[in-house]
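The values are calculated or read from the model by the stated rules, or taken from the named source; none is laboratory data. Model, not experiment: these values are computed from the prediction. For neighbour counting, all protein chains shown are included, and Cβ atoms are generated from backbone atoms with ideal geometry for every residue, glycine included.
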């Protein structure tokens, strides 16, 4: 049975929005999920080979998504 290792949840502000950043490792893969606190909708979900890579890429994508203007 696989279990999550190195699990953490941090709350921070990205582009004026409070978000939860959840990260964990299953097997040899790292996962990062960023959601807005209210109502908890997913902004970014990624996986990769290193925690640093996954976290930075997820934060960069969240910034782009939260600052992009829709017309």
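Just a few scattered comments:
- Residues that are exposed (fewer than 13 other Cβ atoms within 10 Å of the Cβ), modelled with pLDDT under 95, in contact with a helix residue (DSSP H, G or I) (Cβ under 9 Å, 6 or more places away or on another chain) and in a loop (DSSP other than H, G, I, E, B) occur in the range 16-28; there is at least one.
- Residue 55 vs. criteria free of Cβ contacts under 8 Å to residues at least 60 places away in the same chain, surrounded by fewer than 13 Cβ atoms within 10 Å (Cβ to Cβ) and either assigned to a loop (DSSP other than H, G, I, E, B) or within 11 Å of the chain's Cα centre (by Cα) (or both): no
- Residue 66, sole failed condition from (1) part of a strand (DSSP E or B); (2) touching a residue at least 24 places away in the same chain (Cβ under 8 Å): (1)
- Leading residue by the ranking (nearest to residue 3 (Cα to Cα)) among those in the range 32-51 that are at pLDDT 95 or above, in a strand (DSSP E or B) and out of contact with any helix residue (DSSP H, G or I) (no Cβ under 7 Å at 6 or more places or on another chain): 33
- Whichever residue in the range 2-15 is modelled with pLDDT under 90 and surrounded by fewer than 10 Cβ atoms within 10 Å (Cβ to Cβ) and, among such residues, is farthest from residue 67 (Cα to Cα): 2
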